[in-house]
1. Considering only residues of segment 1-26 that are closer than 20 Å to Gly281 by Cα and open to solvent by 40 Å² or more (accessible area, probe 1.4 Å), which is farthest from the ligand (Cβ to nearest atom)?
2. Tell me which residues, restricted to segment 151-166, are more than 27 Å from the chain's Cα centre (by Cα) and surrounded by 16 or more Cβ atoms within 10 Å (Cβ to Cβ).
3. Would you check which residues across segment 390-404 are of a type outside the set (A, V, I, L, M, F, W, C) and either under 18 Å from Ala81 (Cβ atoms) or open to solvent by less than 10 Å² (accessible area, probe 1.4 Å) (or both) and list them?
4. Search segment 109-124 for residues that are open to solvent by less than 10 Å² (accessible area, probe 1.4 Å) and pair each with any residue that is among the charged types (D, E, K, R) and in a strand (DSSP E or B) when their beta-carbon atoms are under 9 Å apart and the residues are at least 6 apart or on different chains.
5. Looking at Leu383, Leu374, can you tell me which residue is assigned by TED's automatic domain parsing to the domain that holds Val325, modelled with pLDDT of 95 or more and more than 16 Å from the ligand (Cβ to nearest atom)?
6. With (1) in a loop (DSSP other than H, G, I, E, B); (2) in contact with a helix residue (DSSP H, G or I) (Cβ under 7 Å, 6 or more places away or on another chain) as the list, and Gly25 as the residue in question, which single condition is left unmet?
7. Out of segment 334-357, which residues are open to solvent by 80 Å² or more (accessible area, probe 1.4 Å) and either part of a loop (DSSP other than H, G, I, E, B) or not assigned by TED's automatic domain parsing to the domain that holds Val31 (or both)?
8. Looking only at segment 277-318, how many residues end up being open to solvent by less than 60 Å² (accessible area, probe 1.4 Å) and not in a loop (DSSP other than H, G, I, E, B)?
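The values are calculated or read from the model by the stated rules, or taken from the named source; none is laboratory data. Note that this is a predicted model, so its numbers are computed, not measured. So basically every Cβ, Gly included, is an ideal-geometry build from the backbone, and we count neighbours across all protein chains shown. Surface accessibility is based on the protein's heavy atoms, side chains included, excluding ligands, DNA and RNA. Shrake-Rupley method; radii C 1.70, N 1.55, O 1.52, S 1.80 Å.
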Amino acid sequence: MQFDVVVIGGGLAGLSCAVRLAELGKRCAVVSSGQSALYFSSGSLDLLAQLPDGTPVASPAAALPALAQQAAQHPYSLIGATQVARLATEAEQLLQRCGLQMQGSSEQNHLRVTPLGTSRATWLSPQAIPVLPLAGKLPWQNIAVLGIEGFLDFQPQMAASSLAEEQGITAAVEFLHLPVLDRLRNNPSEFRAVNIARVLDLPEHLAALAEEVKRQAGEAEAIFLPACLGLESDEPLMALRQAVGKPVFLLPTLPPSVLGMRLHQALRQRLQQLGGVFMPGDTVLRARFDGQRITGLYTRNHTDIPLRAQQVVLASGSFFSNGLVADFTGVREPVFGLDVFSKTERADWCQPDLFAAQPYLQFGVQTDTQLRALKQGEAIANLYAVGAVVGGYDPLQQGCGAGVSLIGALHVAQQIAAQEVSV
Ligand SMILES: Cc1cc2nc3c(=O)[nH]c(=O)nc-3n(C[C@H](O)[C@H](O)[C@H](O)COP(=O)(O)OP(=O)(O)OC[C@H]3O[C@@H](n4cnc5c(N)ncnc54)[C@H](O)[C@@H]3O)c2cc1C
């Protein structure tokens, strides 16, 4: 099978790269083994929340020169501040073209309310999530945090107690009793956010849901629910807001994440509408090379029939997705054996303090400024690496995971499009 570009990995990085390439007229295939980090994410996208030295970032675009001074290997530093700022705006537009309405901008971070009721700086949040300005307060004095009877993946008491403490407001806790969920509730392993959303999204259940939300929320000015609504779109939430007549927001739950899955679905649909091919459940195992060029990719399902492409993008994620593997001999990238940032001594991989920045989070593939992957110090001519598989940054401490994925993806799409034109 012949494509212009084969992307390995169907997470945020791989899908957004493939979408952009398909928009630019390239015939793309995405091969993806399993679920991506999006299925486990908050649904908010981080660009840059903190510098490596711990300085909080208000404006990601303005902080890029300081980041370059502190972290020369950070993908943003390799790409360059001007290009990163430009691509951040392009990423916002790409998400809009996928039908995703997000709040926020790269000019100014905002705070999102977390499932624990605390607030965390981020770049873009779904419309469903309650947000507030940096150092600001929520605009309500009296809110209701409503759980769902028997649903264990969201604890309203924890959220309400932190909201009351951090925001200095009244936050009441109640539970929704919804008979329509009884069948799911009887099987705890099925009583998960996604399955609940499949039921509550049905228009015929709106009236009962709205009645119960109104009853439990009482006099509260605003209502926070677990994100068990709106698997396909914001419409069920908008309809609920209208029926309840008050602001209703969603807080992320334990995985699977409805808000993250929405992002995945929207990107995947856009890719397929543009003619891209998505191959779920397949794994790229190894490559055939001619000198410094990849000439074929062998996958588990296609066995000895190689996928062939002019360009290959590696977006296989970090340890979490098996894009990187750690064993007793060290850390490696399993498909191509690329050069990785890591530390030789295992004792140096982690900090004993669980809440300290963990060195292993910076491990990952080494690239040049075009994000071409390096092997034995040389760039592979037609292999780029994007997203969490790339090293040199800490997505957690620096709050930059989604941004590195999206911006790297767009940077690479641009490199590939430019190369093809100049051939
Ligand atoms: C649990 C978790 C939660 C997170 N939450 C957030 C958040 O809320 N906000 C935020 O900004 N960032 C978050 N991040 C950071 C996250 O890493 C990035 O935001 C981003 O989603 C990473 O995308 P990715 O496409 O690079 O990798 P992934 O999402 O990990 O996707 C990689 C994909 O590649 C596939 N794959 C791996 N190897 C192969 C192979 N050989 N062949 C074919 N397919 C392969 C995997 O199955 C997977 O589907 C989170 C990270 C984790 C681990």
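1. Among those residues, the one meeting the criterion is Gln2.
2. Ser161, Ala164
3. Those that are of a type outside the set (A, V, I, L, M, F, W, C) and either under 18 Å from Ala81 (Cβ atoms) or open to solvent by less than 10 Å² (accessible area, probe 1.4 Å) (or both): Gly391, Gly392, Tyr393, Asp394, Gln398, Gly399, Gly403.
4. Val113/Arg120; Thr122/Arg112
5. Leu374
6. For Gly25, the exception is condition (2).
7. Correct list: Lys343, Thr344, Glu345, Gln351, Pro352, Asp353, Leu354, Phe355.
8. 17
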